[in-house]
Each structure stands twice: as C-alpha cells, then as structure tokens.
Ligand SMILES: *Cc1c(COP(=O)(O)O)cnc(C)c1O
C-alpha cells in the first residue's frame with residue numbers, strides 16, 4: 001500500500017514513511033491510494049477474531065513495510081484486557097430499543113483517544129528502534145489529547161514528550177492525571193498563559209526549522225494517518241457485536257470535533273463494512289452539522305468558538321475534514337486544493353456546487369447538534385431509563401442518534417469519554433442525589449499522588465531551553 005496527498009503530491013510513500021510525519025509537504029493530508037475491499041467471506045472470517053487479531057488483519061491491509069510477525073506482536077501488546085479493562089476491549093452496552101453504546105473509553109485516560117494513541121506509542125517505539133533514531137514530541141493541550149499522548153509514550157524507548165498546558169486551567173482530574181506521571185521521558189510544561197499561548201509557542205518552535213531538525217521535533221496530532229487507521233478497527237468490532245450475520249446493517253453515531261473519529265467510520269464504510277448511516281453529532285460548535293445540512297463549510301474565528309460542557313468538541317475548524325472532502329470530490333486533488341488552500345484560507349470556507357452536494361448524499365452521513373440543555377436532559381433521561389451514566393460528549397452523540405433512527409437498524413453510539421471525567425456536569429444534570437460517577441480502581445487517589453511539572457513564562461526561549469536540556 002502506498003500513500004498520496006489530498007493536494008496532489010503523488011510521490012509514493014509507504015506507511016513507515018508517513019508514520020512519523022504530520023502534513024504532506026504540499027500541505028495536504030495523507031490517504032492510502034485506495035481502500036481495500038472486504039468481501040463477505042472475509043467478514044465472516046473476521047467475525048470470530050479477538051480485537052487484537054482483528055486489528056492485525058485490518059492494519060495488514062494498509063501496512064506492508066512492517067513484517068507480519070512484528071505487526072501482530074504490536075497489536076497484541078496494545079489491545080490487552082490489562083490496558084482496556086475487558087476482553088472485548090470495546091464492549092457494547094445495550095440501552096434498549098436497538099440502541100447501544102460502544103465503550104471506547106476504558107483505556108488509561110478514560111477517553112477514546114487511547115484506542116489509537118496506545119497503538120501509536122508502540123508503533124513509534126518500534127519504528128524509531130528500527131531506524132536507530134530518537135524523537136521529541138512537542139505538543140500543546142487543554143486536556144484530553146495531551147494526556148492520551150503522555151500515557152501512550154511513557155517509558156517508551158527513543159521517544160520524549162514535551163507537553164505544554166495552560167497553568168491552572170485544566171480540570172483538577174486532568175492535571176492530576178498528567179502531572180502524576182513520573183516517567184523520565186515525560187515533561188509537563190505548565191505555561192503561565194492560556195491554551196492559545198501554548199499553541200503559539202509550539203508553532204514558533206516548529207517554525208524554527210534548524211532547531212526542529214537538530215532536536216528531532218515531532219508531533220502526534222489528530223491528522224496522523226496511523227491514529228485514524230487504528231480507529232477503523234472498532235467500527236468492525238462494534239458491527240460484529242451488534243449483528244449475527246453479515247447481511248445486516250448498523251448505524252453509528254459519533255460525537256465529533258476534528259472529524260477524526262467519524263472519518264475512520266467513513267473509511268470502514270468505504271471498505272465495504274455494511275454501515276447504513278454515519279450520524280455526526282456536534283455541540284454548539286456546529287461547523288460540521290452546518291456542512292452536512294447545507295453543503296456550506298464555514299470555519300469560525302475564536303470569538304465564535306464557544307467553551308462548552310463537552311470541551312473536546314469545541315473546534316472552529318475540523319483538521320481531518322479534508323480527507324473526506326477529497327473522497328467526496330472523486331479524489332480530485334486540484335478541486336480539493338481550491339476548496340482548502342484557497343476557499344478556507346482566503347474566504348473562511350466554501351460551498352459545494354450542486355453536483356458535489358448531490359454526491360455527498362451517497363456517503364451515508366446525517367447530522368445534528370446538541371446544546372448544554374440537551375446534554376443535561378440526555379444524561380438525566382438515560383440515567384432514569386437505563387441506570388447508565390454517560391459523559392457530556394457521549395450525551396451529544398446519544399441526543400442526535402435518537403433523531404436519526406431507522407426501523408430495524410441497530411444504532412451504535414460511540415462512547416468517547418467516561419462520566420468520571422465530568423463529574424460537575426453529571427451533578428448539574430442529576431441534582432443533589434446524583435450518583436458519583438464510578439472511577440476505575442487504578443485511578444483511586446489520583447489527586448493525592450506526587451506531581452512532576454515545571455511552570456514556565458509565555459516565552460519561546462524558555463521552552464527551547466527546556467527541550468535542549470532534556471531532549472532524548
Ligand atoms: C477528541 C474527542 C472527541 C472528538 O473527536 P474527533 O476525532 O476530534 O472528531 C469527542 N469526544 C471526546 C471525549 C474527545 O476526547
């Protein structure tokens with residue numbers, strides 16, 4: 001399998017070439033040259049596999065530059081009951097009436113990003129070891145992504161992590177989770193500023209190409225193809241659990257922000273997995289809902305980007321969206337470049353023409369939005385009807401899922417975080433008698449553990465000095 005760029009660069013690259021990279025050199029995103037097709041016989045064979053073996057089969061279709069035995073070892077080292085809490089790894093929880101949750105949040109940071117990031121940690125260690133190289137991952141986080149990256153990379157050979165966060169502005173749980181890590185290769189840099197200051201520093205350091213090359217600076221952001229590929233696996237795993245035969249179809253509802261999670265669903269569907277609808281749910285930041293309803297993609301400025309109670313979906317611009325649009329346009333790289341390099345950059349967005357909008361309908365997407373009041377109502381109604389507590393992001397997915405039910409088609413709502421991370425909103429939804437959201441035993445007393453972090457001024461020089469002192 002070779003990879004190309006959505007903006008037209010067709011230099012053939014293998015999986016290992018793009019694994020450690022971000023954007024393609026022409027500014028596009030990497031995609032495989034084609035989506036391998038999965039026929040009925042293959043689906044029937046995969047139905048009985050363990051999660052780790054299923055991951056191995058799917059990854060093998062996209063990775064031909066890692067020996068099979070090594071890839072199998074990596075998927076088996078990643079998807080274990082010890083890390084993800086159950087032998088099924090992503091079990092379904094029925095809510096009645098053909099509706100269920102797929103648990104993707106039982107990894108170390110209690111959010112679905114662990115599903116991909118844990119694999120990425122093992123792939124990075126493997127590839128860097130094979131090349132005899134090291135990598136220093138630099139990132140900025142307001143919560144989920146940074147902690148998932150740190151828990152994936154902790155203790156890994158050849159990798160160090162420098163994670164900037166706004167000092168005192170993450171939730172107490174998130175701070176405890178990140179700062180309690182004692183691994184020598186993890187560096188928490190608490191910046192005396194806001195998240196945008198952190199992001200600006202990361203950009204400034206990355207734009208110093210000489211520094212970047214000398215210290216082998218890399219990233220683990222959501223446009224990484226390996227992360228997306230890892231997420232394709234749980235769509236198959238969810239499908240097999242919800243159906244008895246491969247003649248059946250299911251729909252998936254996906255709480256969405258950067259369009260990474262649901263893009264993996266689009267890839268699974270493009271491979272031939274019988275997915276009826278991909279239901280995209282946004283919160284008040286409804287860039288993507290607007291697109292699927294109107295064909296107009298209008299990115300938002302910071303004044304129009306709201307801080308909500310499902311914070312991991314607070315995006316103004318969806319970084320993975322270009323991948324889907326490229327497929328929607330019949331893989332026309334010139335038109336993709338026109339829409340993103342011209343339309344988004346110069347005019348803040350674009351509108352599909354009539355033929356393109358008509359073609360969009362063939363990809364199975366429907367969408368909706370959910371507000372703070374919807375979130376509270378969904379959390380309360382789900383608790384009263386089924387005794388199941390859902391987090392705020394999953395509540396957005398569930399609310400929109402209910403608006404797009406089709407008779408006889410099971411609906412799987414992806415659970416993207418555990419309610420334990422958002423205890424305050426659970427209390428707001430359920431009142432004084434609210435149950436305390438359960439926490440995995442391993443995280444008992446998390447807030448009392450010793451913490452390891454440095455406080456820095458908003459100063460590019462100070463961050464560079466820290467990297468210089470500790471780079472692997
Ligand atoms: C990241 C995240 C999302 C959004 O996923 P995308 O891949 O960015 O669409 C939703 N819910 C939670 C809890 C997340 O951490």
*In this structure, is residue 146 buried (at least 24 other Cβ atoms within 10 Å of the Cβ) and within 15 Å of the ligand (Cβ to nearest atom)?*
yes
*Before we move on, is residue 462 assigned to a helix (DSSP H, G or I), away from the ligand (no atom under 16 Å from the Cβ), at negative phi and surrounded by fewer than 18 Cβ atoms within 10 Å (Cβ to Cβ)?*
yes
*Subset of region 92-119 (residues that are surrounded by fewer than 20 Cβ atoms within 10 Å (Cβ to Cβ) and assigned to a loop (DSSP other than H, G, I, E, B))*: 97, 98
*asked:* Pairs please, first residue from region 49-78 and without any contact (Cβ under 8 Å) to a residue 40 or more places away in the chain, second anywhere and assigned to a loop (DSSP other than H, G, I, E, B), Cβ atoms under 7 Å, 6+ apart in sequence or on different chains.
replied: 52/79; 57/49; 71/63
*asked:* Cβ-Cβ under 9 Å, sequence separation 6+ or interchain: first residue in region 299-317 and without any contact (Cβ under 8 Å) to a residue 12 or more places away in the chain, partner in a loop (DSSP other than H, G, I, E, B) and surrounded by fewer than 18 Cβ atoms within 10 Å (Cβ to Cβ). Which pairs?
replied: 307/314
_So, in region 267-291, how many residues would count as being assigned to a strand (DSSP E or B), within 17 Å of the chain's Cα centre (by Cα) and closer than 10 Å to residue 365 by Cβ?_
3
*Residues in region 225-266 that are in a loop (DSSP other than H, G, I, E, B) and surrounded by 24 or more Cβ atoms within 10 Å (Cβ to Cβ): how many?*
3
*Residues that are within 24 Å of the chain's Cα centre (by Cα) and within 16 Å of the ligand (Cβ to nearest atom): find the helices (runs of 4 or more DSSP H) completely inside region 316-369 holding 2 or more of those.*
321-328
_Suppose we filter region 292-315 for residues that are more than 11 Å from the ligand (Cβ to nearest atom), in a loop (DSSP other than H, G, I, E, B) and closer than 27 Å to residue 32 by Cβ; how many remain?_
2
*Out of region 371-402, which residues are touching a residue at least 40 places away in the same chain (Cβ under 8 Å) and outside any helix (DSSP H, G or I)?*
371, 388, 389, 390, 391
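None of the figures in this text is laboratory data; all of them are computed from the coordinates on show. Bear in mind the structure is a predicted one, so any value in this text is a computation, not a measurement. A quick note on method: Cβ atoms are made from the backbone with ideal geometry, for glycine too, and the neighbour counts reach across all protein chains shown.
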